[in-house]
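Visitor: This is the structure I want to talk about, given as structure tokens.
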Amino acid sequence: MMAPKRRKLLINILGGTIVTLLISGVVAVVGIIYILNHYGKDLPDYSQLAQYEPPIVSRIYANDGSMLSEFAKQKRLYIPISAVPPLLIHAYLSAEDKNFYSHGGLDYIGLMRAVITNAKNVFTGGGKVGASTITQQVAKNFLLSGIQTYERKIKEAILAYRIEEAFSKNQILELYLNENYLGYGSYGIAAAALSYFNKSIDQLELGEIAYLAALPKAPSNYHPVRKYDRAVARRNWVLKRMYVEGYISEAEKNAAQNKPLITASRDKTRKFKAEYFAEEVRRELKSLYGNQELYEGGLFVRTSLSPQLQRIAEHQLKQGLITYDRRHGWRGPIDTLSLTDVPTFPEQLTKLNEIAAKDIPLGLNSWTLALVTEVSDEKAFILLPDGGRGRIDFEQVKWARAWKKKEYLGPRIKKVADVLNPGEVIVVEEIYIYEKKEDELEEIDLTRIFALRQIPEIDGSLIAMDPHTGRVLAMVGGFDFKRSEYNRATQAKRQPGSAFKPFVYAVGLENGFTPSSLILDAPFVIEQGYGLGKWKPQNSSNKFYGASTLRLGLEKSRNLMTVRLAQYLKMDGIVEIAERMNIMDDMPAVLSMALGAGETTLLRLTAAYGMIVNGGFEITPTFIDRIQDRHGKTIFRHDERECQACQVTEWQYQTEPDIPDIRKQVLDPVTSYQVVSMLEGVVQRGTGIRIRVLGKPYAGKTGTSNDSFDTWFIGFSPDLVVGVFVGFDKPRSLGKREEGSSVAVPIFRDFMKAATKGAPIIPFRIPEGVRLVRVNPKTGQVAAVGEKNTIMEAFRQDSFLSRKGSFPTKKGEVLDGFSSLVQTKTKLRTGTGGIY
């Protein structure tokens with residue numbers, strides 16, 4: 001038996017130990033309570049996570065679903081947990097938190113493992129390892145700073161526990177997968193999948209999934225290009241963890257680990273490039289919703305853009321500007337180097353690439369810079385930025401006569417040396433590679449043949465629009481967006497010239513005139529006021545043609561007839577139609593406005609022509625069909641008509657819904673068709689005759705401002721209206737004999753040829769109330785039986801039946817003078833009628 005003294009000593013020791021443990025336990029509990037109270041009382045409100053709406057990228061789409069652009073401060077696409085592939089979830093759990101679904105916010109086993117490992121690493125020199133759970137990372141990322149302190153770790157643990165109490169595991173995981181920064185400017189797994197692999201998350205392969213799961217700790221440490229080996233090692237580690245956790249088989253692991261890590265090129269994105277259009281949409285969205293909603297609101301914007309028409313528009317506008325530019329000569333090289341200073345090939349190549357690095361906007365992808373190294377009479381030899389060589393033959397430079405002021409040309413080119421000199425940096429385009437034949441004995445010096453090119457100084461714009469809805473199907477605002485973001489289709493206000501005349505003639509038709517009415521084409525002079533002198537408008541031909549029909553006046557774009565008609569009608573009516581058709585606001589009521597001396601944009605004028613061809617219905621140009629917010633709710637729709645019967649999932653032989661036409665009638669349908677018919681004559685016999693070769697129903701009007709500062713053509717088919725503008729940004733003359741018919745018409749023609757290729761031929765629609773009568777196009781009188789060279793003219797049905805007002809008679813009334821119709825009994829009067 002134990003001695004009493006020893007028993008007493010043992011009891012005292014045990015008692016002391018128990019007391020010490022009790023005291024320590026009390027102190028620990030009090031300490032924990034103090035810590036929880038101290039660090040837990042001023043923590044952020046975690047309940048806000050329930051209403052969490054992170055900044056999401058707004059995306060702009062074309063009408064076929066092609067993406068046009070993205071606008072975001074943080075490139076993030078929010079995706080619900082239900083849409084995340086299970087394998088992707090398993091990869092993240094294997095890499096970040098294998099016990100996520102079993103712990104309560106803190107992984108105590110993982111924490112102890114990290115403590116032991118870090119203690120060992122102190123002596124072995126290893127790095128620190130963490131034990132933060134996914135819930136803790138959510139607390140840190142959403143509610144705390146990223147500064148590593150013990151205080152933050154304590155707060156993180158407290159918040160993690162509270163978050164676990166308030167949210168389900170799937171809710172926490174959804175927040176985590178959508179918030180993390182994963183490199184390449186991407187936030188969340190959906191954006192990262194697109195940035196790294198150009199795929200949606202449901203298209204990812206196993207190795208790609210593992211790589212994304214490797215990124216949350218430090219994306220920059222696992223860059224797929226700069227740190228490829230480390231990235232592959234980390235990916236393979238995740239694959240190993242997935243195998244250990246039983247999510248994949250060993251064969252799957254090995255196969256994925258043996259694959260190279262291949263990411264998509266940073267510039268290889270599934271976007272359709274339409275920069276002027278996308279920028280116009282961005283400006284409109286900013287105006288509607290402000291910067292914050294645009295860049296953080298996750299807007300889904302479906303636009304009216306047709307990629308097919310946009311490609312055609314960009315190509316044809318650029319070709320038209322290049323064609324005009326070549327007609328007016330060579331303005332010289334981009335830069336000039338002294339080959340004596342850079343005599344060797346490496347030095348020349350270095351200098352050339354320094355110039356190319358300035359990213360000079362060339363306009364066409366097939367164009368490149370080149371350095372002229374040697375020149376002879378018949379050819380020039382060039383060095384390319386890629387180190388290749390080529391030659392330019394005489395045939396490819398003989399267009400390049402020297403440019404002179406006022407768009408004149410220098411002497412004809414007789415040899416290549418008249419144009420190019422060694423050391424000049426020029427723009428070229430490869431046209432073909434010479435293939436040497438087997439039996440060809442002579443050595444070919446250079447097989448890559450190039451042509452001399454020049455970046456146009458002139459600029460322009462093109463718009464294609466649905467005339468029935470106002471939806472802009474294509475828009476190009478200039479030769480190259482990189483060169484100038486200024487949109488000449490929507491921002492440039494220029495004088496439309498004769499392109500405004502159809503609206504003057506429309507007022508005449510509204511006031512009793514017909515296309516066969518006669519107006520005197522003779523000198524017109526009017527006093528402008530004290531000290532202002534006389535105003536003497538002239539026809540572009542500087543000739544006078546006597547009494548001519550309204551139709552002929554529009555087809556041939558006669559200024560004197562238009563002014564005389566406007567003076568008779570009074571300018572108030574012409575000002576009113578300009579506002580009614582939304583061409584321009586507050587137009588001065590002066591006669592020169594009838595000749596297009598006011599200013600408007602290509603967008604507004606094209607829309608006005610659309611109202612002519614659609615039967616006189618008002619349309620509002622629009623680039624946006626529909627906008628949805630981040631939740632999919634439609635917050636904007638261009639077509640505001642309601643159609644309950646349209647809300648069906650499939651057609652079951654029900655009656656086609658009757659959708660109301662709520663468009664406002666701004667021009668009488670008969671007047672609209674009469675103008676359409678007259679504008680069709682412009683293409684058949686007038687200033688737009690170059691378009692007639694297409695052999696389809698087209699109509700339109702040229703426009704040229706004074707001294708050829710601005711050139712236009714606005715034209716249409718029954719279901720497509722297109723406007724073209726060409727001019728210098730700093731207005732100056734395009735040159736002698738350059739007009740809308742020579743500059744803008746060819747662009748319109750080539751666009752329509754490609755845009756309507758294979759489309760059925762549809763004639764212009766004739767509304768009720770129109771009577772077609774065969775007439776003599778020169779006199780406007782009803783054609784005699786068997787008469788040749790006649791046309792079908794459009795008259796109002798009521799005037800034909802009553803034989804009053806607007807139907808041609810044998811009396812031959814001619815508009816002559818300031819305010820009267822002069823009647824002649826036997827012949828057309830051609831005098832001035834007192835106008836000098």
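The values are calculated or read from the model by the stated rules, or taken from the named source; none is laboratory data. It should be emphasised that the depicted structure is a prediction, and the values quoted were computed from it without experimental measurement. Every residue, glycine as well, gets a Cβ built from its backbone with ideal geometry; the counts of neighbours run over all protein chains shown. Protein only, heavy atoms only, side chains kept; ligands, DNA and RNA dropped before computing areas. Shrake-Rupley method; radii C 1.70, N 1.55, O 1.52, S 1.80 Å.
Visitor: Cβ neighbours within 10 Å, averaged per peptide: list 300-310, 635-645 in order, most packed at the top.
Guide: Averaged packing, sorted descending, gives the order 300-310, 635-645.
Visitor: Shifting gears a bit: Counting only heavy atoms of the protein chains, get the accessible area per residue of region 223-337 (1.4 Å probe) and round it to a whole Å² value.
Guide: 53 Å²
Visitor: Grab the Cα-Cα distance for Asn198 and Asn141, subtract it from 0.36 nm times how many residues apart they are, and report the gain in nm with one decimal.
Guide: Contour length minus the Cα-Cα distance gives 17.9 nm.
Visitor: Starting from the Cα of Phe345, step 7 Å along the direction of its Cβ; do the same at Arg685; then give the gap between the two resulting points in nm.
Guide: Label-label distance for Phe345 and Arg685, simple model: 6.7 nm.
Visitor: State whether region 506-548 is rounded, prolate or oblate according to the following rule on the C-alpha gyration tensor (a ≥ b ≥ c being the square roots of its eigenvalues): a/c under 1.5 gives rounded; otherwise a/b larger than b/c gives prolate, and the remaining case gives oblate.
Guide: Oblate is the answer for region 506-548, as a/c is 1.5 or above yet b/c matches or exceeds a/b.
Visitor: List the residues whose amide H sits under 5 Å from the amide H of Ala547, counting only those 5 or more places along or on another chain, with H placed 1.01 Å from N in the peptide plane.
Guide: Asp521
Visitor: So, in nm, how far is label Thr790 from label Ala233 when the simple model puts each one 7 Å beyond its Cα toward the Cβ?
Guide: Using points 7 Å along Cα→Cβ, the separation is 9.3 nm.
Visitor: Same structure, new question: With r defined as the distance between the Cβ atoms of Asp707 and Glu579 and R0 fixed at 25 Å, what FRET efficiency is calculated, to the nearest 0.05?
Guide: 0.35
Visitor: How much accessible area does Met752 have with a 1.4 Å probe, in Å² rounded to the nearest 10?
Guide: 0 Å²
Visitor: Subtract the Cα-Cα distance of Arg283 and Asp798 from 0.36 nm times their separation in residues, and report this length gain in nm to one decimal.
Guide: Full extension of this stretch gives 180.5 nm more.
Visitor: Can you give me the solvent accessible area of Leu734 with a 1.4 Å probe, rounded to the nearest 10 Å²?
Guide: 0 Å²
Visitor: Of Lys75/Lys286; Lys318/Lys351; Lys501/Lys736, which pairs sit farther than 20 Å apart, going by alpha carbon to alpha carbon?
Guide: The answer is Lys318/Lys351; Lys501/Lys736.
Visitor: Which far-off residues, 5 or more places away or on another chain, put their amide H under 5 Å from the one on Phe728, with H placed in the peptide plane?
Guide: Hits under the 5 Å cutoff: Asp459.
Visitor: Expected output is a single nm value to one decimal: the length gained when fully extending between Met67 and Arg732, i.e. 0.36 nm times separation in residues minus the C-alpha distance. What is it?
Guide: Length difference between fully extended and current span is 235.6 nm.
Visitor: Let me ask another. Under a point-charge model restricted to the Cβ atoms of Lys and Arg (+1) and Asp and Glu (-1), what is the dipole moment magnitude of region 264-340 relative to its Cα centre, in debye to the nearest 20?
Guide: 320 debye
Visitor: In the neighborhood of Asp586, defined by Cβ-to-Cβ distances under 15 Å, what is the net charge if each Lys or Arg adds +1 and each Asp or Glu adds -1?
Guide: -2
Visitor: Right, another one. Non-local amide H neighbours of Thr133 (under 5 Å, H modeled in plane, Pro and chain starts lacking H): which ones?
Guide: Here Asp107 satisfy the definition.
Visitor: Name the aspartates and glutamates eligible as straight-distance cross-link partners of Lys98: C-alpha to C-alpha under 13 Å, and not fewer than 8 places from it in the same chain.
Guide: Result set, ordered by chain and number: Asp107, Glu245.
Visitor: OK, next. First measure r as the distance between the Cβ atoms of Lys404 and Phe764, then evaluate 1/(1 + (r/R0)^6) with R0 = 41 Å and state the FRET efficiency to the nearest 0.05.
Guide: 0.40
Visitor: Here's a follow-up. Which FRET efficiency value, to the nearest 0.05, is calculated for Gln781 and Asn542 with the Förster distance at 25 angstrom and r the Cβ-Cβ distance?
Guide: Using R0 = 25 Å, I get an efficiency of 0.30.
Visitor: Also: Can you send over the carbon and sulfur percentage of the accessible area for region 196-336, probe radius 1.4 Å, protein chains only?
Guide: Roughly 45 percent, rounded to a whole number.
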